[in-house]
Amino acid sequence: MGGIHPLLLKISGGESEVLDFKKTISSASKIAKTMSAFANHKGGTLLVGVNDNKTISGARSEDEKYMLDLAAHFYVSPEIDIQIHEWEMGDKSVIECYIPEGKDKPYYAKDEEGKWWAHIRVKDQSLLASKIVLDVLKRNSGKGQNIIRYTEHEQSVLKYLDKNHKATLKEICKLLNISRWRAQKMLVSLVSGGVVRSHTTEKTEFFTLS
């Protein structure tokens, strides 16, 4: 007597920061957004032919494999090496596409207008990376210096976060009476150093102590 198929076990857990379901792939640029988010995070898996409610709709096979390959090599920069496996589930097939964590972050996806954007994975969503998150990815990839200077400004922010638990960029600018650019630069340093955490939502970004 066989156990439950490993793919069904994976599907039963639902979407997460490392798993995304796609009923179908209609656009290489849309799938590139998810790929860039996974590459900028811990890596992840795309399951094509699976509905959001965890039921299997079935993939179109060759068409969708081509679209995945196109996205990984022409709609994501730097290019990423994906691994594709096709599973037969009764009379339907599911394509499993693994995207590894990128070694050369940040990774950008080209949208339908030809513009390049970086995305990050937050829970089960792929969201646009803020300027601060983008600079943190660059710095942590060795493309920038990672030195934290604890001036009065940094100390004031840490005290504020300790007392109020969270703050937005706008609140930090007001607190310190400094420009947005200076506040961003300071936050990049604090987030890169692991002292402060950035939290991205669809509407805003806020910061907490790590």
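The values are calculated or read from the model by the stated rules, or taken from the named source; none is laboratory data. In this text the structure is predicted, and so the values were computed from the model without any measurement. Methodologically, a virtual Cβ is constructed for each residue, glycine included, from the backbone with ideal geometry; neighbour enumeration extends over all protein chains shown.
Screening S36 with (1) touching a His at 6+ places or on another chain (Cβ under 6 Å); (2) surrounded by fewer than 17 Cβ atoms within 10 Å (Cβ to Cβ); (3) of a type in the set (G, A, S) gives one miss only, at (2).
Cβ-Cβ contacts under 8 Å between residues 6 or more apart (or on different chains), taken from a first residue in segment 93-105 that is under 14 Å from D20 (Cα atoms) to a second residue that is in a strand (DSSP E or B) and of a type in the set (G, A, S), are listed as Y98/G44; I99/G44. Could you say whether any residue in segment 49-67 is of a type outside the set (D, E, K, R), within 19 Å of the chain's Cα centre (by Cα) and loosely packed, with under 13 Cβ neighbours inside 10 Å? Within segment 49-67, not a single residue is of a type outside the set (D, E, K, R), within 19 Å of the chain's Cα centre (by Cα) and loosely packed, with under 13 Cβ neighbours inside 10 Å.
Can you say whether I172 is in contact with a helix residue (DSSP H, G or I) (Cβ under 9 Å, 6 or more places away or on another chain), farther than 29 Å from G14 by Cβ, assigned to a helix (DSSP H, G or I) and touching a residue at least 60 places away in the same chain (Cβ under 8 Å), as far as the supplied structure shows? When the stated conditions are applied, I172 does not pass them. Counting residues in segment 194-209 that are on the phi > 0 side of the Ramachandran plot and among the small types (G, A, S) gives one or more. Checking the structure you have, find out if any residue of segment 33-52 is more than 18 Å from H85 (Cα to Cα), assigned to a strand (DSSP E or B), in contact (Cβ under 8 Å) with a residue 24 or more places away in the chain and of a type in the set (S, T, Y). Within segment 33-52, not a single residue is more than 18 Å from H85 (Cα to Cα), assigned to a strand (DSSP E or B), in contact (Cβ under 8 Å) with a residue 24 or more places away in the chain and of a type in the set (S, T, Y). For segment 79-121, the strands (runs of 3 or more DSSP E) that sit wholly inside it and include 3 or more residues that are out of contact with any Pro (no Cβ under 8 Å at 6 or more places or on another chain) and more than 20 Å from A59 (Cβ to Cβ) are 108-110. When the residues of segment 21-30 are filtered to those that are out of contact with any strand residue (DSSP E or B) (no Cβ under 7 Å at 6 or more places or on another chain) and assigned to a helix (DSSP H, G or I), the one that is surrounded by the fewest Cβ atoms within 10 Å (Cβ to Cβ) is K30. The one condition from (1) touching a residue at least 24 places away in the same chain (Cβ under 8 Å); (2) surrounded by fewer than 17 Cβ atoms within 10 Å (Cβ to Cβ); (3) on the phi < 0 side of the Ramachandran plot that S179 does not meet is (1). Among the residues of segment 122-134, the ones that are in a strand (DSSP E or B) and among the small types (G, A, S) come to 1 in all.
Could you check, for segment 76-85, whether at least one of its residues is in the same structural domain as D20 (by TED's automatic domain parsing), among the hydroxyl-bearing types (S, T, Y) and closer than 22 Å to F21 by Cβ? Even if it seems obvious, please write down each step before you answer.
Kept after step one, since they are in the same structural domain as D20 (by TED's automatic domain parsing), are these residues of segment 76-85: 76-85.
Add one more test, that the residue is among the hydroxyl-bearing types (S, T, Y), and what stays is 77.
Those still in the list that are closer than 22 Å to F21 by Cβ too: none.
There is no residue in segment 76-85 that is in the same structural domain as D20 (by TED's automatic domain parsing), among the hydroxyl-bearing types (S, T, Y) and closer than 22 Å to F21 by Cβ.
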